[in-house]
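First comes the structure, then the notes that go with it.
The values are calculated or read from the model by the stated rules, or taken from the named source; none is laboratory data. Quick caveat: nothing in here was measured; it's all calculated off a predicted structure. Using ideal geometry, Cβ is built from the backbone for each residue, glycine included, and neighbour counts are taken over all protein chains shown. The accessibility values were calculated without ligands, DNA or RNA, using every heavy atom of the protein model including side chains. Shrake-Rupley method; radii C 1.70, N 1.55, O 1.52, S 1.80 Å.
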Amino acid sequence: MWAALRLALRPCARASPAGLRAYHGDSVASLGTQPDLGSALYQENYKQMKALVNQLHERVEHIKLGGGEKARALHISRGKLLPRERIDNLIDPGSPFLELSQFAGYQLYDNEEVPGGGIITGIGRVSGVECMIIANDATVKGGAYYPVTVKKQLRAQEIAMQNRLPCIYLVDSGGAYLPRQADVFPDRDHFGRTFYNQAIMSSKNIAQVKAATGEEVSAEDLGGADLHCRKSGVSDHCALDDHHALHLTRKVVRNLNYQKKLDVTIEPSEEPLFPADELYGIVGANLKRSFDVREVIARIVDGSRFTEFKAFYGDTLVTGFARIFGYPVGIVGNNGVLFSESAKKGTHFVQLCCQRNIPLLFLQNITGFMVGREYEAEGIAKDGAKMVAAVACAQVPKITLIIGSSYGAGNYGMCGRAYSPRFLYIWPNARISVMGGEQAANVLATIAKDQRAREGKQFSSADEAALKEPIIKKFEEEGNPYYSSARDVFSPCCPGWLQTPGLK
């Protein structure tokens with residue numbers, strides 16, 4: 001059946017100077033071309049992107065240190081495992097840990113460093129079961145909750161609910177960070193919401209597991225392990241130390257009788273035909289330089305095989321089917337601004353994936369929908385709204401990867417944060433804002449120039465430059481991926497992340 005379906009659905013190969021690509025038997029044509037590795041453009045792109053990736057890795061390593069050497073030494077002196085050691089001892093040996101929202105809180109609070117928001121969240125395999133792990137980092141302000149800590153924990157719970165992942169909480173916390181309690185408690189995103197989420201997940205048979213690690217209580221009658229295990233019955237198990245607590249947690253997960261249910265077909269995984277690091281030279285750090293998103297797709301999908309949908313129509317949007325680690329995905333990638341044809345094509349493809357229950361992967365590099373009298377007359381507002389509605393209503397899993405620009409309504413049509421992607425990743429070269437800095441500066445300069453003209457005043461080129469400079473600087477700072485990740489708990493990643501062996 002599937003072979004017949006592939007034959008029925010596979011489109012014509014994309015046109016090239018040499019003509020149409022050929023198909024052989026039931027195979028799907030591979031995608032991608034070999035770049036000129038020695039060209040000046042490739043080398044410049046590679047160097048710039050590599051520098052951004054190295055900077056990302058350096059910052060991640062700093063965040064992993066938590067509250068610093070002094071706090072780590074004090075934690076260890078109390079006989080406690082460091083939070084990342086707890087996670088390493090909890091998950092199955094040799095299995096991966098997909099950490100999320102590492103840059104939460106990054107340079108967010110003046111004069112206060114809160115690495116990782118003071119909490120570690122991510123997906124790991126425990127006794128063969130994929131679980132959401134939420135671990136307090138007591139080396140960061142005693143594990144106290146800042147506003148961004150709560151936001152990061154709520155985001156982890158949201159991911160767990162969407163993906164039906166049992167939650168494991170490694171609790172070692174000092175409670176709310178009192179100097180900022182006004183920003184933690186009254187808001188909807190306060191402690192109470194985390195307990196609300198726990199109750200909701202439990203009602204949906206999504207297990208919640210807590211391990212109070214490294215707890216020190218001076219008086220048993222005030223809430224010690226012996227009291228809660230022997231008298232109150234609050235605790236189910238009594239752990240002697242961190243290692244014992246994590247061992248018990250693994251046993252609890254093993255007894256969940258939890259089996260992952262898949263609604264998609266799975267095929268053997270294959271490596272792409274092209275190395276991931278070529279993306280450095282293809283994409284680069286200069287967002288003004290265009291590149292073919294098909295070259296990105298060729299370096300992240302199995303066997304670099306891609307069945308393109310409507311290849312000759314609405315060509316500023318690339319849509320098609322592929323597999324990643326053997327799992328089917330429908331890919332929507334930008335190759336320029338979205339016209340009416342592109343929006344209609346995107347709407348059709350998203351709806352098609354929903355009908356077939358195929359997860360969607362959005363590769364964002366978008367400045368927005370095309371505007372202007374001609375395009376408005378052709379119905380760009382209507383067609384764009386249809387695409388946005390299709391993305392909003394899509395009930396299949398959605399993953400968004402921002403690989404370049406993410407501006408304005410284009411962010412909406414390509415499944416930005418407001419459209420509830422299950423995961424959202426951003427490359428270190430990318431930018432996200434209402435519009436680009438130069439575009440915003442030009443808009444505001446035009447407004448200022450018109451206002452001066454109405455007042456009968458001059459607006460010199462020097463005045464224009466003085467107005468534009470701080471605007472461009474502000475947009476560059478606030479559109480930076482680290483700025484967004486610190487506040488909106490995105491997950492920065494380096495090009496080629498989808499090729500990294502990990503959770504499936």
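Yes or no, residue by residue, for (1) over 20 Å from Asp315 (Cβ atoms); (2) small (Gly, Ala, Ser):
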position: Gly346; (1), (2): no, yes
position: Gly379; (1), (2): no, yes
position: Met387; (1), (2): no, no
position: Ala392; (1), (2): yes, yes
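Residue-level analysis places Arg254 outside the set of residues that are more than 30 Å from Ile76 (Cα to Cα), open to solvent by 30 Å² or more (accessible area, probe 1.4 Å) and either touching a helix residue (DSSP H, G or I) at 6+ places or on another chain (Cβ under 9 Å) or of a type outside the set (S, T, N, Q) (or both). Kindly indicate whether any position in the range 283-296 is assigned to a strand (DSSP E or B) and under 28 Å from Glu270 (Cα atoms). There is no residue in the range 283-296 that is assigned to a strand (DSSP E or B) and under 28 Å from Glu270 (Cα atoms).
Listed here are the helices (runs of 4 or more DSSP H) enclosed by the range 337-451 that have at least 2 residues being among the β-branched types (Val, Ile, Thr): 340-356, 380-393. Looking only at residues in the range 422-467 that are touching a residue at least 24 places away in the same chain (Cβ under 8 Å), open to solvent by less than 70 Å² (accessible area, probe 1.4 Å) and among the β-branched types (Val, Ile, Thr), the one that is farthest from Asn54 (Cα to Cα) is Ile432. Might you let me know whether the range 407-416 holds any residue that is of a type in the set (S, T, N, Q), open to solvent by less than 30 Å² (accessible area, probe 1.4 Å) and at pLDDT below 90? Yes, that holds for at least one residue. Within the range 334-343, identify whether any single residue is open to solvent by 50 Å² or more (accessible area, probe 1.4 Å) and under 20 Å from Ile432 (Cα atoms), and answer yes or no. Taking every residue of the range 334-343 in turn, none turns out to be open to solvent by 50 Å² or more (accessible area, probe 1.4 Å) and under 20 Å from Ile432 (Cα atoms).
Condition check ((1) within 20 Å of Glu85 (Cβ to Cβ); (2) crowded, with 21+ Cβ neighbours inside 10 Å) across all residues:
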site: Asp110; (1), (2): no, no
site: Thr121; (1), (2): yes, yes
site: Ser127; (1), (2): yes, no
site: Ala176; (1), (2): no, no
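Taken over the range 64-105, the criterion of being surrounded by 21 or more Cβ atoms within 10 Å (Cβ to Cβ) and among the hydroxyl-bearing types (Ser, Thr, Tyr) is satisfied by Ser101 alone. Yes or no: the range 305-317 includes at least one residue that is acidic (Asp, Glu), open to solvent by less than 40 Å² (accessible area, probe 1.4 Å) and at pLDDT 95 or above. The answer is yes; a qualifying residue exists. Would you confirm whether any residue within the range 171-193 is modelled with pLDDT of 85 or more and aliphatic (A, V, I, L, M)? Checking the range 171-193: at least one residue is modelled with pLDDT of 85 or more and aliphatic (A, V, I, L, M).
Among the residues of this structure, Arg289 does not count as one that is in contact with a Phe, Trp or Tyr (Cβ under 8 Å, 6 or more places away or on another chain), under 18 Å from Asn45 (Cβ atoms) and not small (Gly, Ala, Ser). Residues in the range 132-181 that are among the small types (Gly, Ala, Ser) and assigned to a helix (DSSP H, G or I): Gly142, Gly143, Ala156, Ala160.
Of all residues in the range 98-114, those satisfying the criterion of being under 18 Å from Ile159 (Cβ atoms) and of a type in the set (A, V, I, L, M, F, W, C) are Leu98, Leu100, Phe103, Ala104. When the criteria are applied in full, Gln34 meets the requirement of being surrounded by fewer than 17 Cβ atoms within 10 Å (Cβ to Cβ) and in a loop (DSSP other than H, G, I, E, B). Based on what the data block shows, is Glu341 out of contact with any strand residue (DSSP E or B) (no Cβ under 9 Å at 6 or more places or on another chain) and farther than 28 Å from Lys261 by Cβ? No.
Of the candidates Leu108, Leu74, the single residue that is touching a Ser or Thr at 6+ places or on another chain (Cβ under 9 Å) and within 25 Å of Tyr169 (Cβ to Cβ) is Leu74. Asp226 passes all but one of (1) open to solvent by less than 80 Å² (accessible area, probe 1.4 Å); (2) of a type in the set (D, E, K, R); (3) modelled with pLDDT of 85 or more; which number fails? Just one mismatch for Asp226, condition (3). For the condition over 30 Å from Gly437 (Cα atoms) and out of contact with any Leu (no Cβ under 8 Å at 6 or more places or on another chain), Tyr258 qualifies. Look at Ile380 and say whether it is open to solvent by less than 60 Å² (accessible area, probe 1.4 Å), closer than 27 Å to Leu52 by Cα and of a type in the set (Val, Ile, Thr). No; evaluated as a whole, the condition is false for this residue.
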